[in-house]
Every structure is written in structure tokens, then in C-alpha cells.
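Student: Would you mind keeping the following structure in view while I ask a few things?
The values are calculated or read from the model by the stated rules, or taken from the named source; none is laboratory data. Keep in mind it's a predicted model, so treat the numbers as computed, not measured. All Cβ positions, glycine included, derive from the backbone under ideal geometry; neighbour counts span all protein chains shown. Keep in mind that these areas ignore ligands, DNA and RNA; they rest on the heavy atoms of the full protein, side chains included. Shrake-Rupley method; radii C 1.70, N 1.55, O 1.52, S 1.80 Å.
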Amino acid sequence: MGWSWCVYCHIEWDALADGTQGDRILTTDARALHHIVTRDDIYQKPEPTRYNLARIVGPGVLVLEGDQHKQQRRIMNPAFGSTQIRELTPTFLELSDKLRDCWLRAIEAQGGSSARLNALSELSRMTLDVIGKAGFGYDFNTLDDGEESNELSRAFSVLFGAPGGASRYWFMLQSRIPVLRPFKSMGDTPEKHASRTMDRIGRKLLKDARTEAEQAEKAGSSDFKGRDLFSVLVRANMATDLPDRLRMSDEDVLAQVPTFMVAGHETTATGTTWAIYQLTQDMSIQARLREELRTLDTDTPTLEELNSLPYLENFVKEVLRFYAPVPWTSREAMRDDVIPLAEPYTDTKGRVCNEIRVRKGQQFIIPIHCLHLVKSIWGEDADEFKPERWESPPDAIKGIPSVWSHLFSFLGGSHACIGFRFSVAEMKALLFVLVRAFEFELGVSPEDIKVRASVVQRPALKSEPQSTAQLPIIVRRAA
Ligand code: HEM
């Protein structure tokens, strides 16, 4: 494995995860980061990163740059707008209820008073079901039947489960050394089979969404059954007033199915897992949050009702600050550039520099998580978990490039997370249901928990270095 240690935010991260290599610049200067994420004509995902992503998800927004990227975002944006997310909130709540019922059954099965669970894998099943249903109108049913029982989720784990040993290094070599790419890799056979499965199911989803849109148009109706992101996107792409040159091809549209799965599943699961971890670490926060959630006199709140709860809002913001699920990303300069700085720095030769001069090909680590811990921006208590900081956040955070609450968690600029509203609403729905129903306790000693990051940062156990990421918890019915 390529595990390294971040000296800034003290997390173990997978140095091979994005396929980049060599010297990389890491700066937490907000002005510099603003420049990098907004100048997407100069700073783009490094080619090995895009190669790795493209061979699995195809030509989706995660992979594209420039005009093609802008074209896809333009058609996709409405599917992720506030109106759409409001309509998806009942789905978030319905699947949160289903998870709650699974945990209640686990309590019965384990003797009636409590259950020991792995919060990370449980939430991961739930968010997969959510992205299936709300993302493209597909029932994974992993909460009922487990991930293995569904062919699309099996295909997904073949493609995205970290390959071990020699295959992993072969993949890494192919992404870094382009001449090796035509050669068959050891993992090609199950990978190809999984790709075919994903493609077949994607084409069926596309056909169904199109048929529905055509029938609705013939009937002159705007009452669509398909409220999921994919159906909205297919309809937007079929709009008669869209010039043909701006229309997405079938391949582009199909690429969004694995793109939504990759981008929207583990990210939200990890964020909510850290939220539950934090609740096990501070019973007063747990009690205060439960008390506020119980003030809503309904089991099926609207998004507006969820958004009206100030402590829930501040708690979710603080979770996404303190445990930014995507802790870093990377960029490469496509040409020479000069990056402006908010604060000058002193180089190794003692010279004071007011800008960073970079050459074409220079790679960058964009330190999402580290930026959230900078004391000159967040204050001396930056490394403490404090939801109440959001009652009067410091002015300095206004310089952070962002799409939500001055947090860098969803990045900023043209590649900022398109799913941020989806994710925040889903996290709130999950917390609303689970915290009202259960009390949470950590299932291992707090000293045993460490953070391990590749694309997302997850909890893992020091005592089980070979095991996959996990968060053992004990749940009881809340009084
Ligand atoms: C807590 C949850 C989430 C976090 C922390 C998160 C974070 C991010 C970040 C940091 C990026 C930028 C990556 C880069 O350019 O290097 C990104 C992009 C993206 N995210 Fe999210 N994300 C989350 C949830 C979601 C969800 C739920 C969806 C979809 C349903 C989604 C869809 C996307 C897509 C499609 C992109 C690519 C956008 C583009 O390049 O134009 N994300 N996300």
C-alpha cells in the first residue's frame, strides 16, 4: 500500500490514490486556492487522475474539462437545484426510516437492549440505496437484501473496490506510464464484465427515462413520475429549445450513472459516519441535538422544516468542516502561471515572496481538510469540534472559495460539487431519523480510532491494521 502521513492534519492517506507523482505544492493560502479552483482554464485534474476515473465512469462531469465540462454542467445543474432536492427529501426520509427499522431489528436479534453495528458499512448501504432511488430511480435494495444480492452494486464494487497487491500497482503504473495502457491488466476480465453490466443497466434506465418524457410530451403533461436526478437530466437534454450542439450524447448521459454512484455514495456515508462518531464523543451534543430534533411534531418533515433547526444546521456544518469527507484533491498547471497570495511566505533561501511562480506541469495538492484547521482563518479553537462556532463565524472564512457556508468541503469554482444540496439534505434526514430513535456509544476505545484517507477519509481501527475502514458503535433505543 502507499500509506503516508499528513503532517498538517495528522491523517493517514493513500499516496497512490489519484495516480499523481513527483513534487506537489500544498498551500492553505485562501487567495491562492481561490485562484487555482476558479481558473479551470489553467488548473485541471492531472491526466493520470482523469485516466483512472475515465476508464471506469466514462466521459462524465468528474472527468471532463473545458467546454465539454461546461456543457454537461449546464444541462445537469437544474437536476441538483433546490426545487429538485426538496422533492427528493421524502425519499431520503423513507430510506432513513428503513435503516432505523434494520437497527431496531438488530437490537431485537442481539438480546433486546442494544446492538453492535459497523456504522460505516450500514450508512454506506443506506446511501447506496439513496443514490439508486433518488439518483436514477433504481432500487438497489441493499438495506433489505445486502450489497451482494444486487448485480449493479456488485458491478460497482468490482470497479471501485480497491484492487489489492499486484493489480493495484499495475493500475498505478498504467495511469502514470501511458505506453502501458494498451496492455491487458490482471483485473480486466471481472472489470470488463462489471462495465458491461453497468452499461446494460444504464441503457435501460436511459430508455425508460426517455420513454416517460416522450409520453408526457405527447400527452401535454408536465406530471412526471421520474423525479430522480437522471430522469430530470434526460428531460433537460431532450428539451426542444436546447441547440443540438449543446445536447449530451448517449455516452455522456450514460456516464452519469457511475459518476453519481462514485461521487455521491461514500462521500455522504462517510460524513454521516463521522457525525455519529462525534455524537459518541460528546453526550451533551447528542442530547442537545435529540432535544431539538424532537421539537418537530412530525415524522416526515419537509426540507424547509429540517432547515429550520439551527442546531442541526450548525452541527452538520461543523461535521463537514472538522471531518471534511473528501480531505484533498489534486490539480495540475496546464501552462506557466503566477499565483497571487493573501499572505507572503519566506522561501528556503530566506526571500519573502508575494506570489507563487509555477511552471506548466506543476502538480498541486488542494488541502480541503487542512484549510479547515488553519487558526489564522478559523480562530485558536480551529482544532476543536464546536457547532456553536457557526453562531458567529469569523469574517476570515469569507475568503474561502466555496459553494456552501464558506466551507471548502465541496470545493469552489467550476468543478465544485454539484451534489452539495443533495448531500446536506440527505445527512439532515438521516440524523433526524436516527438521533431521535437511538442513543449512540462507541463500540471500541476512542484511542483505537484512527483516520485513513484515500479519496474519502474514513475511521479505521489501529488494532486491526489489515481490516477495511469501519466504525463499531453500540446503539440503544433513545429514552
Ligand atoms: C458529503 C458529501 C460530499 C462531499 C464532501 C463531496 C465533495 C466533492 C468535492 C470536493 C468535489 C470536487 C472534486 C474535484 O474537482 O477535485 C466534488 C465533485 C463532485 N461531486 Fe460531490 N461531494 C459530496 C456528495 C456528492 C453527491 C451526493 C453527489 C451526487 C449525487 C456528488 C456529485 C459530485 C459530482 C458529479 C462532482 C463533479 C463536479 C464537477 O467536476 O463539475 N457529490 N464533490
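Student: With the checklist (1) modelled with pLDDT of 85 or more; (2) surrounded by 21 or more Cβ atoms within 10 Å (Cβ to Cβ); (3) of a type in the set (S, T, N, Q) in hand, flag the one item Thr38 doesn't pass.
Tutor: (2)
Student: While we're looking at this one, here's another question. Which residues, taken from the stretch 403-423, are of a type in the set (Val, Ile, Thr) and within 8 Å of the ligand (Cβ to nearest atom)?
Tutor: Within the stretch 403-423, Ile418 is the sole residue that qualifies.
Student: Restricting to helices (runs of 4 or more DSSP H) lying wholly in the stretch 358-468: which have 1 or more residues that are basic (Lys, Arg) and crowded, with 21+ Cβ neighbours inside 10 Å? Please lay out each step first, then the result.
Tutor: Values: elements: 368-371, 375-378, 420-437.
The qualifying helices (runs of 4 or more DSSP H) are 420-437.
Per-residue answers, yes or no, for (1) within 12 Å of the ligand (Cβ to nearest atom); (2) touching a Lys or Arg at 6+ places or on another chain (Cβ under 7 Å); (3) closer than 30 Å to Ile42 by Cβ:
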| residue | (1), (2), (3) |
| --- | --- |
| His372 | yes, yes, yes |
| Gly399 | no, yes, yes |
| Ala437 | no, yes, no |
| Val444 | no, no, no |
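Student: Can Leu242 be described as in contact (Cβ under 8 Å) with a residue 60 or more places away in the chain and either among the charged types (D, E, K, R) or crowded, with 23+ Cβ neighbours inside 10 Å (or both)?
Tutor: no
Student: So, one more: Filter the stretch 268-284 down to the residues that are open to solvent by 10 Å² or more (accessible area, probe 1.4 Å) and of a type outside the set (S, T, N, Q) and list them by number.
Tutor: Tyr277, Asp282, Met283
Student: Here are some residues: Thr348, Thr280, Thr270. Which one is in the same structural domain as Gly137 (by TED's automatic domain parsing), away from the ligand (no atom under 16 Å from the Cβ), of a type outside the set (A, V, I, L, M, F, W, C) and out of contact with any His (no Cβ under 7 Å at 6 or more places or on another chain)?
Tutor: The match here is Thr280.
Here's the yes/no breakdown for (1) farther than 28 Å from Thr49 by Cβ; (2) touching a residue at least 24 places away in the same chain (Cβ under 8 Å); (3) more than 16 Å from the ligand (Cβ to nearest atom); (4) open to solvent by less than 10 Å² (accessible area, probe 1.4 Å):
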| residue | (1), (2), (3), (4) |
| --- | --- |
| Glu266 | no, yes, no, no |
| Glu291 | yes, no, yes, no |
| Tyr311 | yes, yes, yes, no |
| Pro327 | no, yes, no, yes |
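Student: Now, a different point. I'm checking my understanding of the structure. Among residues of the stretch 315-324 that are open to solvent by 10 Å² or more (accessible area, probe 1.4 Å) and either at pLDDT below 95 or in contact with a strand residue (DSSP E or B) (Cβ under 9 Å, 6 or more places away or on another chain) (or both), which one is nearest to the ligand (Cβ to nearest atom)?
Tutor: Applying the filter and picking the extreme gives Tyr323.
Student: Any residue in the stretch 325-336 that is farther than 27 Å from Pro46 by Cα and either aliphatic (A, V, I, L, M) or not in a loop (DSSP other than H, G, I, E, B) (or both)? Break it down into steps so the answer makes sense when it comes.
Tutor: Keep residues of the stretch 325-336 that are farther than 27 Å from Pro46 by Cα, which gives none.
No: zero hits.
Every residue, every condition in (1) touching a residue at least 24 places away in the same chain (Cβ under 8 Å); (2) outside the structural domain of Leu341 (by TED's automatic domain parsing); (3) in contact with a strand residue (DSSP E or B) (Cβ under 8 Å, 6 or more places away or on another chain), yes or no:
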site: Ala30; (1), (2), (3): yes, no, yes
site: Leu33; (1), (2), (3): yes, no, yes
site: Glu65; (1), (2), (3): yes, yes, yes
site: Ser82; (1), (2), (3): yes, yes, no
site: Phe92; (1), (2), (3): yes, yes, no
site: Ser96; (1), (2), (3): yes, yes, no
site: Gln110; (1), (2), (3): no, yes, yes
site: Asn118; (1), (2), (3): yes, yes, yes
site: Ser121; (1), (2), (3): yes, yes, no
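Student: A further question follows. Exactly one of these conditions fails for Asp250: (1) open to solvent by less than 30 Å² (accessible area, probe 1.4 Å); (2) over 18 Å from Glu426 (Cβ atoms). Give me its number.
Tutor: Tallying (1) open to solvent by less than 30 Å² (accessible area, probe 1.4 Å); (2) over 18 Å from Glu426 (Cβ atoms), Asp250 fails exactly one: (1).
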